[in-house]
Amino acid sequence: DCQLSEAADHREENVIISVSIGDVDAGFISEYALHKADQYITPGSITSVLTTAPLPNWVVSISRKMPQVQKDDLREALLNLPPEDPALKALRISSFKAASDADYDIIRDIIE
């Protein structure tokens with residue numbers, strides 16, 4: 001028996017709190033969010049059961065109408081940001097990487 005519900009305000013920390021206090025038996029969150037609610041829960045009240053393959057995120061989309069030289073410059077600028085760059089720190093990522101169409105096969109597999 002499984003009943004799915006959405007977290008309040010669609011926030012991952014609310015998933016963590018709901019699991020911690022026993023309102024739900026399990027929740028699904030990103031690895032990034034794992035410690036977002038630490039200050040609100042009893043230590044050890046949640047456990048990671050399974051880690052999935054990484055899903056593509058932080059996708060940068062560019063208009064097809066943008067001149068190719070600008071697209072290339074933007075791509076290079078993002079790919080060459082140093083790990084200590086304030087933008088990467090604010091996003092809590094270490095770098096951008098060039099994506100290929102195959103990177104999204106995991107999403108296609110989930111949908112099928």
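Here are the numbers:
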read-out: Approximate shape of segment 1-73 as ellipsoid semi-axes (Cα gyration tensor, √5λ), whole Å, largest first; value: 36, 14, 12
read-out: Environment charge of Y32, counting only residues whose C-beta is closer than 12 Å and scoring Lys/Arg +1, Asp/Glu -1; value: -1
read-out: Share of carbon and sulfur in the accessible heavy-atom surface of the chain [1.4 Å probe, %]; value: 53
read-out: Surface/4 estimate of mean projected area, convex hull on alpha-carbon atoms of segment 68-111, nm²; value: 4.2
read-out: J(HN,Hα) series, segment 17-25, from Karplus relation 6.51 cos²θ - 1.76 cosθ + 1.60, nearest Hz, glycine and proline x; value: 5, 4, 5, 4, 8, x, 5, 9, 7
read-out: Solvent exposure ordering (accessible area, 1.4 Å, most first) of R92, R64, R108; value: R64, R92, R108
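The values are calculated or read from the model by the stated rules, or taken from the named source; none is laboratory data. No experiment lies behind these values; they were computed from the predicted model shown. Here the Cβ is made from the backbone with ideal geometry for all residues, glycine too, and neighbour counts use every protein chain on show. The protein model used for the area step is the full one, side chains on, heavy atoms only, and it has no ligands, DNA or RNA in it. Shrake-Rupley method; radii C 1.70, N 1.55, O 1.52, S 1.80 Å.
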